[in-house]
Amino acid sequence: MQKQSMTSKDIINNYGATFGFIIAIVVFSITSRGFFSGLNLQNILVQSTSLGICAFGLTFVLITGEIDLSYGGVIGLVGAVLAGMLKDGHSIGLVTLVCLAIGLGTGVFNAILIVVLKLPSFLATVAVMFLCMGAERVYNQGITTWIRDQGVLSIVQTNIGPVPALVLYLFALFAICWFLQTQTKAGQYVRALGENINAVKEVGIRADLLKFLVFVVAGLIFAFAGYIETLRIGGAVMYAGKQLLLSVLAACFLGTATFKAGKANFPGTLIGAFFLYTLLSGFTALGMKFYLVPVAQGLILIISVAISSVRRGKIEQVQF
Amino acid sequence: MNSPMGDRVGNQEDIVIKAERVSKSFPGVRALKEMDFEVIRGEVHALVGENGAGKSTLMKIIVREYIEDEGNIFIEGNNVKDLGIRGVQKLGLSLIHQDLNLIPMLTVAQNICLGREPVTRFGTIDWKAMGLKAADFLGQITSEINVEDRVEGLSNSQQQLMAIARALVTSPRILILDEPTARLDQKTSDSFFLFLERAKQKGLTVVYISHRLEEIYRICDRVTVLRDGTKIITAPINEIPQTELVKYMLGREIEQQVPKESVPIGEVKLSVRDLYPKEKGKDINFDLKSGEILGIVGSIGAGKSEVARAIFGADPKQSGTIRISGKEVKTNAPHDAIDHGFALIPEERRDQGLVGNESVRKNMTMAALKKKFCVGPSWIDQDKETAAVKTSIKTLGIATPSPEQEVQFLSGGTQQKVVVAKWLMSDSDIYIFDEPTKGIDVGGKYDIYKLIVDLARQGAGIIFISNELTEVLSLCDRILVMFNGQIIKELETQASNREELLFYVMGGRDYAKTVNDL
Ligand SMILES: Nc1ncnc2c1ncn2[C@@H]1O[C@H](COP(=O)(O)OP(=O)(O)OP(=O)(O)O)[C@@H](O)[C@H]1O
Ligand SMILES: [Mg+2]
């Protein structure tokens, strides 16, 4: 039962995605001029914030063994409402509250469907995603709405010291999530219930309530991601959530290929988000056609899912 | 151990668990029917009955994991009707589940302290205190588990010991043990019984569920027999002889617990040469003849299952050759092995042998589907399939409301019977049984032994891995003893006995000499 020291194979296994990340940066810096410039790297960081933030919400849900794709609609709906209400002259305080309320509402709705009514989370949240898209379409009537108020835009489009505010938001949220996950009882139980919900119920923990809360928290985080994304772009584009649907999923699964044996985890998701954006902007820098970007994302998703399930298979023994 | 009976019986204050006319139904099953049950302070109370009799259900009701349809339950006089799981824990009750319910990805310490993590003054988890707390409780039972290890890396018996430690964290006054020794070997069980003895002296009351009658006679004071969800009898254990206890359990008599019958032994069927399994074990060499039942014994961690899994191709091998009737075959994956006529009845039914949310029928015919129930390329002959499943359910006494019930809703032992039935249907040539009777009731064991002997009579070769030396000695023709990954001794059953077997299981070298020296 002694701990074995890591072999080179274990290291590749455990930190494979991290290595991939570093290799990708090196390759792109060599092959495309200007990739490694400070500005570009900062751009990557900035552009991956809403992706990363949203992926944190999804990571919480994935840890419980469920999935929540409603962000594909929530982000767009929040964006539309944010831009629309500002245009109608409402104060940013009120608008912010409404945006959070949308997150809270969709989160609670998801939780009721999945935890109380026991619907399968994949189908339920896809349905909610479409409901939100529908609501978005009705609200903005398919028109892109720009935000002109510089004061509002400066919530995100500014630097705090030398660092872009967005990057700070991302890391702050990461720190909070990671702390909750690893240092608190609730975090422990959330992880435990994803592995074996009976074991958690058996010791008298209200597992269903915890799961409910996870969906609510995820809803709030999705709304926050939508808020940030809209302010970063400076307006609400139609179906903004749809753009992020695949990338967020890919970031989380890339995350499972990092660190923790095929399980969703926050550091992994953070690295996954950066990695994904690095690849995408690297490809763009190399002159990839925009319509091929989804293809690249799809491939990345397949590869990361494959890596993480191979690794999980290794650990859970050969089945027959 | 003296029975704490006498004048204290009937004294209301000393009845710590009292269940009155408790009934509970699941869709299609009446698990409990007006069940009465009483446990007296300080006793070790055995609860026995066939697979599916309702033992685990009653215990889960007592700890409030299930809620009864009717009836009342009192713990030390308190009605538990409105109490939750935490509530009865506060009354001093703790249950160790038959199916453990552990969280594989977490560490031993995290599992043991689940729900009771020590916190720092900031409300965050105090990891250091948690490690110490876990080590403290674990130390009461065993010293060979590191609290920082992940649970998925532990052996079955270590997981069982850990589950016991977890139950102690609430400092229970009443401990309910649901088949705790099913995963333990002789040696570990013995030290576990010592632990129970000590705890009992400190005033612990124990409810003890087991299918191993020897143990029950060894450690229990009173016994309650449960059949089809009702109480048949409660009595001091020394007032009921074993044959009678079995009769109460089954509602019928069986003559002996292991059918002795010799069948003609033929040519060498399987030869294993210089096998080095990747997981554990070295230099494994043996032959198996047709009609022969070859026992493999050894304490937990000796490498028995690893050898079985390596032969079957479920685990990789480093090297070694396997010949069937003299011809070398490659078994790099289970499907190769199955094609060559192997069947492996695995030890951990829930992970390795069953699809939980599928029906009894589908699980049972899974291994034999292509060989036996298909017409044309992949057309399933449903009538034939259903008929075969019904026969199996009858011969093995499988307690299921219908062939269509999902196996996850069956009792623990019943699930094990389904796994055995699945492979018995497969018409194989060489059967490897890894602890097939674990968690199976007396009647079911008897039926399985009978079926194994039948297979041998039809000319199959059988490898029978077990920790229960009694059954190995009565059933097998020859026994291999493994210790630390190696076969250290081969014994003819006729010429051996329990003491000798135990001597080698513990890693002894020369029995005759040692006995002489004494
Ligand atoms: N959650 C459930 N859903 C449906 N049926 C159930 C459920 N739990 C138990 N049963 C049924 O109730 C009956 C009693 O099961 P129980 O687990 O109490 O048996 P047991 O006496 O513990 O048997 P074993 O010795 O095999 O562990 C069985 O017929 C079982 O199929
Ligand atoms: Mg049971």
Practice task
Averaging sequence separations of C-alpha pairs under 8 Å and six or more residues apart, then dividing by the length of chain B, give the relative contact order as a whole percent.
Solution key: 15
Problem - Cα→Cβ-extended label distance, 7 Å offset, between B:THR395 and A:LEU168, nm - result: 7.6
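Report the FRET efficiency, 1/(1 + (r/R0)^6), for B:ASP228 and B:LYS372, where r is their Cβ-Cβ distance and R0 is 41 Å, rounded to 0.05. Can you show the working numbers first?
Details: r = 33 Å, r/R0 = 0.80.
It comes out at approximately 0.80.
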Practice task
Could you state how much accessible area B:PHE195 has, in square angstrom rounded to the nearest 10, with a 1.4 Å probe and all protein chains kept in place?
Solution key: 10
Problem - Under 12 Å from the B:ASN285 label point (7 Å along Cα→beta-carbon), backbone N, the stretch B:469-490 - result: B:487
Problem - Accessible area per residue, Å², chain A with all protein chains present, probe 1.4 Å - result: 45
Completion exercise
Accessible-area order for B:TYR431, A:TYR277, largest to smallest, probe 1.4 angstrom, reads A:TYR277, B:TYR431
Completion exercise
Here the relative contact order (percent) of the stretch A:31-243, from C-alpha pairs under 8 Å and at least 6 apart, is 43
Practice task
Pull up the cross-link candidates among the lysines for B:LYS133, meaning alpha carbon to alpha carbon under 24 Å and not fewer than 8 places away within one chain.
Solution key: A:LYS3, A:LYS185, A:LYS201, B:LYS90, B:LYS200, B:LYS202
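Please get the size of the charge dipole for the protein assembly as shown, origin at its Cα centre, with Cβ charges of +1 on Lys and Arg and -1 on Asp and Glu, quoted in debye to the nearest 20.
It works out to roughly 2140 debye.
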Handout entry: Distance between the stretch B:258-333 and the stretch A:114-159 - C-alpha centres, whole angstrom
Key = 61
Exercise for the section: With a length cut of 18 Å (Cα positions projected on each helix's long axis) and a Kyte-Doolittle mean of at least 0.0, go through chain A and give me the DSSP H helices that pass. Expected result: A:8-31, A:38-63, A:71-87, A:92-111, A:121-140, A:165-183, A:207-233, A:240-256, A:266-285, A:293-315
Practice task
Name the long-range amide H neighbours of B:ASP126: under 5 Å, sequence gap of 5 or more, or other chain; modelled H, no Pro or chain starts.
Solution key: B:VAL119, B:THR120
Practice task
Rounding to the nearest 20 debye, state how big the charge dipole of the stretch B:15-111 is about its Cα centre with +1 on each Lys and Arg Cβ and -1 on each Asp and Glu Cβ.
Solution key: 200
Problem - Two-site label geometry, B:ASN497 and A:LEU209: point separation in nm, points 7 Å out along Cα→Cβ - result: 6.2
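Which peptide among B:294-306, A:181-193, B:315-327 comes first, and what is the full order, when sorted by highest mean count of other Cβ atoms within 10 Å?
On the way: B:294-306: 23.9, A:181-193: 20.0, B:315-327: 14.8.
Per-residue mean Cβ counts within 10 Å order the peptides as B:294-306, A:181-193, B:315-327.
With r defined as the distance between the Cβ atoms of B:SER319 and B:GLU214 and R0 fixed at 41 Å, what FRET efficiency is calculated, to the nearest 0.05? Walk me through the numbers before you get to the answer.
Values: r = 40 Å, r/R0 = 0.98.
Calculated transfer efficiency: 0.55.
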Exercise for the section: Using only Cα atoms, locate the centre of the stretch A:167-220 and the centre of the stretch A:60-95, then give the distance between them in Å, rounded to an integer. Expected result: 21
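What's the average, rounded to a whole number, of partner chain beta-carbon atoms within 10 Å of each residue's beta-carbon in A:173-183? Present the calculation step by step, with values, prior to reporting the outcome.
On the way: counts 0, 0, 0, 0, 0, 0, 1, 1, 0, 3, 8.
That works out to 1 on average.
If you take every residue apart from B:VAL481 with its C-beta less than 14 Å away from the C-beta of B:VAL481, what net charge results, scoring Lys and Arg +1 and Asp and Glu -1? Walk me through the numbers on the way to the answer.
On the way: positive: B:LYS187, B:LYS304, B:ARG478, B:LYS489, B:ARG498, B:ARG509; negative: B:ASP185, B:GLU490, B:GLU492, B:GLU499, B:GLU500, B:ASP510.
Overall, the nearby charge balance is 0.
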Problem - chain B - accessible surface per residue (Å², probe 1.4 Å) - result: 42
Completion exercise
Helix-only [θ] at 222 nm, chain B, -39500 (n - 2.57) per DSSP H run of 4+, per residue, nearest 500, equals -9000 deg cm²/dmol
Problem - Cα-projected label distance for B:THR470 with B:ASN357, points at 7 Å along beta-carbon direction, nm - result: 4.1
Practice task
Note the count of lysine pairs whose C-alpha atoms are less than 20 angstrom apart in the stretch B:358-427, limited to pairs 8 or more residues apart or on different chains.
Solution key: 24
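Counting only protein chains, not ligands or nucleic acids, how are B:TYR208, A:TYR139, B:TYR66 ordered by accessible area (probe 1.4 Å), most first? Mind dumping the intermediate values first?
Details: B:TYR208 0, A:TYR139 100, B:TYR66 70 Å².
Largest accessible area first, the residues go A:TYR139, B:TYR66, B:TYR208.
The values are calculated or read from the model by the stated rules, or taken from the named source; none is laboratory data. Since the structure is predicted, the reported quantities are computational estimates derived from the model, not experimental observations. FYI the Cβ positions are ideal-geometry reconstructions off the backbone, even for glycines, and counts take in every protein chain you see. To get the accessible areas, we keep the full protein, side chains included, count just its heavy atoms, and leave off ligands, DNA and RNA. Shrake-Rupley method; radii C 1.70, N 1.55, O 1.52, S 1.80 Å.
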